[in-house]
Amino acid sequence: MAVKGDTGRVEVTDLDADPLRQLSAWLDEARAAGQPLPEAMTIATATSDGVPSARLVMLRGLQGGLAFFTDCDSGKGAELAANPRAAAVLHWLAPVHRQVRVTGPAERVSEDEAGQYWSARAPAVRLSAAASRQSRVLASRAALEAQVRDIARRHPGGAGLPRPPRWGGFRLLPSHVEFWQESPDGLHDRIRYRQQGIGWITERLSP
Ligand SMILES: Cc1cc2nc3c(=O)[nH]c(=O)nc-3n(C[C@H](O)[C@H](O)[C@H](O)COP(=O)(O)O)c2cc1C
């Protein structure tokens, strides 16, 4: 795949036939360009009556979709349980000047996958995740720290701390993926993949 610079142009023929492979290639290029947190992505969800909310998470895998890990009882988890659709945005600054947008249904990752990710986390991070009921109102920071100390007493250093059942992940299964490349003259390139059957239709959108 051609690497596009500041004044690069993106043609459909430059892009991989598979949008997840294409996203992986752009991520590699963002990493190589020294972008801070290239895997940071905004995930938007909505309540069942359509009230949206968005927040950053880390993209942790591209096998079959965009995987991220979280407390599934959180605000986003509750919204995805009621309305299992999401939108994601990744953005890379200069010299990359690119954006990728993804929409589609979202599903929970398997228990196995959640377990593997949990095991790979640093013990201190596991302790914090076990103590925190993400998105719930806290009486104080001290109350949360007391909860961490309490769990740490029972699991010194976080060793052997089991994954709370609420702690897992979601996979956004893309039905639309758009690759956007900035052009200094404002004539930005936008190539959208639209799922059709088991394949993809690619089309150019006006900037
Ligand atoms: C750069 C960055 C990365 C983050 N990564 C995650 C993540 O991978 N998983 C997560 O649950 N929260 C992550 N957060 C925190 C979320 O943005 C958010 O505060 C939290 O998930 C609660 O969101 P909710 O109440 O909408 O569920 C991250 C925040 C930032 C700024």
Among the residues of the stretch 67-84, count how many are assigned to a helix (DSSP H, G or I) and of a type in the set (D, E, K, R).
-> 2
Residue selected from the stretch 24-38 under the condition in a loop (DSSP other than H, G, I, E, B) and of a type in the set (A, V, I, L, M), by the criterion surrounded by the fewest Cβ atoms within 10 Å (Cβ to Cβ) | L37
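Within the stretch 177-197, which residues are part of a loop (DSSP other than H, G, I, E, B) and either touching an Asp or Glu at 6+ places or on another chain (Cβ under 8 Å) or in contact (Cβ under 8 Å) with a residue 12 or more places away in the chain (or both)? If you could, list the steps in order and put the result at the bottom.
Just the residues of the stretch 177-197 that are part of a loop (DSSP other than H, G, I, E, B), to begin with: 182-188, 197.
Answer for the stretch 177-197, where residues must be part of a loop (DSSP other than H, G, I, E, B) and either touching an Asp or Glu at 6+ places or on another chain (Cβ under 8 Å) or in contact (Cβ under 8 Å) with a residue 12 or more places away in the chain (or both): E182, S183, P184, G186, L187, H188.
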From the set of residues in the stretch 39-49 that are away from the ligand (no atom under 11 Å from the Cβ) and within 15 Å of P105 (Cα to Cα), which is most open to solvent (accessible area, probe 1.4 Å)?
-> S48
Looking at Q181, Q195, which one is open to solvent by less than 60 Å² (accessible area, probe 1.4 Å) and closer than 30 Å to V10 by Cβ?
-> Q181
Of (1) outside any strand (DSSP E or B); (2) in contact (Cβ under 8 Å) with a residue 24 or more places away in the chain, W200 satisfies every one except (1)
Taking only pairs six or more apart or across chains, which ones have beta-carbon atoms under 6 Å, a first residue in the stretch 41-53 that is more than 9 Å from E79 (Cα to Cα), and a second residue that is open to solvent by 50 Å² or more (accessible area, probe 1.4 Å)?
-> T42/A54; T42/L56; T42/V89; A44/P52; A44/A54
Hey, T13 modelled with pLDDT under 95 and either more than 16 Å from the ligand (Cβ to nearest atom) or open to solvent by 40 Å² or more (accessible area, probe 1.4 Å) (or both) or not = yes
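Give the residue, chosen from A88, A82, that is within 14 Å of the ligand (Cβ to nearest atom) and either within 16 Å of the chain's Cα centre (by Cα) or buried (at least 16 other Cβ atoms within 10 Å of the Cβ) (or both).
Working: A82 fails: either within 16 Å of the chain's Cα centre (by Cα) or buried (at least 16 other Cβ atoms within 10 Å of the Cβ) (or both).
Being within 14 Å of the ligand (Cβ to nearest atom) and either within 16 Å of the chain's Cα centre (by Cα) or buried (at least 16 other Cβ atoms within 10 Å of the Cβ) (or both) holds for just one of A88, A82, which is A88.
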Check the stretch 108-123 and report whether any residue there is open to solvent by 50 Å² or more (accessible area, probe 1.4 Å), farther than 29 Å from L20 by Cα, modelled with pLDDT under 95 and out of contact with any Phe, Trp or Tyr (no Cβ under 6 Å at 6 or more places or on another chain).
-> yes
Failed criterion for P174 (all others in (1) away from the ligand (no atom under 16 Å from the Cβ); (2) outside any loop (DSSP other than H, G, I, E, B) hold) = (2)
Residue ID - least open to solvent (accessible area, probe 1.4 Å), chosen from residues in the stretch 133-153 that are under 19 Å from C72 (Cβ atoms) and either basic (K, R) or in contact with a strand residue (DSSP E or B) (Cβ under 7 Å, 6 or more places away or on another chain) (or both) | Q134
Given the conditions (1) within 12 Å of the ligand (Cβ to nearest atom); (2) within 25 Å of L161 (Cβ to Cβ); (3) open to solvent by 10 Å² or more (accessible area, probe 1.4 Å); (4) among the hydroxyl-bearing types (S, T, Y), and given that S53 satisfies all but one, which numbered condition is not satisfied?
-> (2)
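The values are calculated or read from the model by the stated rules, or taken from the named source; none is laboratory data. Here the structure is a predicted model, which is why all the values come from computation and not from measurement. Cβ sites come from the backbone with ideal geometry, for glycine too, and all protein chains shown count toward neighbours. Side chains are part of the model used for accessible areas, which takes the heavy atoms of the whole protein and leaves out ligands, DNA and RNA. Shrake-Rupley method; radii C 1.70, N 1.55, O 1.52, S 1.80 Å.
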